[in-house]
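**Student:** Please see the structure below; I have some questions.
Bear in mind that the values in this text are calculations on the coordinates, not laboratory data. Not measured: the values here are computed from a predicted model. Reconstructed Cβ throughout: ideal geometry from the backbone, glycine too, with neighbour counts over all protein chains shown.
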Amino acid sequence: MKLRWYHAVAGGITLLAAATAAGVQWSRSRERSDIVIGPWAEMENRSWNLADLNDARVVVPDRPHDPAEADAHRRGSARMERVRRFTVSTNADHLRMGPLAAKPAGRIRIAAVGDSVTFGWGVRPEESWVTLLDAELRRRGHDVEVLNAGSPGAPTASMAAWCRTQVPRLQVDRVLWIRRVPPPHMGGARSVADGIRACAAVVQARPLFILPPVSRFDLHGREAGPREGGDVTALLGADWASHDLTEPFRAAQGERGEDLVIGAGKLSVLDLESKATWLSVAAPAQGPLPTAISELFEREPEVAEVLMYDGGHPDAAGSVVMAALIADLVEPTL
């Protein structure tokens with residue numbers, strides 16, 4: 001089944017993160033997300049996290065959704081009850097972490113450069129995979145410091161600008177480039193390859209190119225994801241590698257929670273433990289998840305994808321899994 005609607009809505013979860021981060025009111029809930037991103041002159045005037053935030057409030061969908069539905073909720077023409085709330089604090093270096101001290105001799109400073117998945121969208125800072133990766137590598141005996149250089153909705157051009165301007169200033173020794181490949185109208189594989197090259201130009205060790213896990217409820221990701229890494233490495237060269245976390249993340253999810261089964265012209269929501277089917281609906285030729293699936297998540301609080309909360313971002317338990325998977329990739333390079 002071809003699902004080519006992503007030219008219109010792919011990347012919507014990340015763009016929703018950016019919209020919410022910029023301070024969009026959730027009309028019916030009478031809650032407002034504080035502004036957490038804006039132009040940063042030092043970073044080629046591209047948008048990034050604001051500096052010195054102190055517990056800025058953010059409200060986001062707590063289930064799979066499409067951008068149009070979330071936008072309708074913000075405008076007050078629809079209501080989304082299933083939301084989660086979290087706060088954002090940043091340091092003087094625009095990073096979602098505590099203040100940076102001078103780097104001690106011998107320490108390896110690693111920057112995880114990415115978008116909302118790296119930022120830790122929807123979880124507390126101590127629950128983000130970046131914080132957990134830092135702790136895990138230290139537990140394994142490595143003198144490292146992992147910087148959270150993630151920003152909600154960051155396009156590849158902003159990630160590249162962060163590398164060019166901040167990697168030298170912050171004395172970064174290693175870069176982890178962590179982002180799914182955007183659709184063609186947002187730069188596609190070439191924008192990722194160009195961004196990775198920009199990072200490679202300012203660090204001694206080659207950046208690790210890591211693709212975050214695709215949600216079971218991400219139709220575009222499931223269709224396009226398997227080829228994304230190859231599309232980028234074909235542009236980078238034969239000696240480059242990509243590391244897609246989707247399959248090992250799926251293994252950690254196991255036969256728990258809900259899955260979206262695609263086949264025979266239908267989309268079915270299956271409970272993996274009981275093997276019961278919640279519902280089956282006709283699969284759209286293109287477009288986001290059918291409304292009936294969103295309504296199921298709203299109606300049944302126990303319907304959830306294990307390790308992810310909104311069809312695109314790991315929850316706290318998913319962050320633990322990501323940290324372990326990425327630690328295994330990073331450790332051989334130290």
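**Student:** Could you give the length gained by full extension between E298 and L279, i.e. 0.36 nm per residue of separation minus their alpha carbon distance, to one decimal place?
**Tutor:** Net length gain for the segment: 5.5 nm.
**Student:** Amide H to amide H under 5 Å from L245: which residues, 5+ apart in sequence or cross-chain, H placed 1.01 Å off N in plane?
**Tutor:** L211
**Student:** While we're looking at this one, here's another question. Between R107 and A68, what is the spin-label point distance in nm, taking each point 7 Å from the Cα along the Cα→C-beta axis?
**Tutor:** Output for this residue pair reads 4.9 nm.
**Student:** Give me the distance in nm between label points sitting 7 Å out from Cα along the Cα-to-Cβ direction at D231 and I35, one decimal.
**Tutor:** Simple spin-label model gives 3.4 nm for this pair.
**Student:** Considering the options V192, Q166, A276, tell which one lies farthest towards the positive end of the dipole of the range 6-333, charges being +1 on Lys and Arg and -1 on Asp and Glu at the Cβ, about the Cα centre.
**Tutor:** It is Q166.
**Student:** Between R85 and T333, what FRET efficiency follows from the Cβ-Cβ distance if R0 is 30 Å, with the result rounded to 0.05?
**Tutor:** So, using R0 = 30 Å, E works out to roughly 0.25.
**Student:** If you don't mind, there's one more thing I want to ask. Mind telling me which of R227, R75, R124 comes out most flexible in a GNM of the chain, alpha-carbon contacts under 10 Å?
**Tutor:** Result for the chain, Cα springs under 10 Å: R227 fluctuates most.
**Student:** Based on the Cβ-Cβ distance of D52 and A317, what FRET efficiency does E = 1/(1 + (r/R0)^6) give at R0 = 30 Å, to the nearest 0.05?
**Tutor:** 0.50
**Student:** Can you give the extra length, in nm with one decimal, that the chain gains between D194 and R140 once fully stretched, where that is 0.36 nm per residue apart less the Cα-Cα distance?
**Tutor:** Fully extending the segment from D194 to R140 adds 16.1 nm.
**Student:** In nm, give the distance between the simple-model label positions of A264 and A324, each being 7 Å from the Cα along the Cα-to-Cβ direction.
**Tutor:** Placing both labels 7 Å along Cα→Cβ, they lie 3.6 nm apart.
**Student:** How much length, in nm to one decimal, is gained on full extension between Q286 and S77, taken as 0.36 nm per residue of separation minus their Cα-Cα distance?
**Tutor:** Full-extension gain reported as 72.9 nm.
**Student:** Between the DSSP loop rule and a limit of at most 11 other Cβ atoms within 10 Å, which GluC sites (Glu not before Pro) in the range 289-334 are left?
**Tutor:** E302
**Student:** Something else: Rounded to the nearest 20 Debye, what is the dipole magnitude of the chain about its Cα centre when Lys and Arg each give +1 and Asp and Glu each give -1 at the C-beta?
**Tutor:** In total the dipole reaches around 580 debye.
**Student:** Tally the DSSP beta bridges in the chain and give the antiparallel ones as a percent, rounded to 5.
**Tutor:** So the antiparallel bridges amount to about 55 percent of the total.
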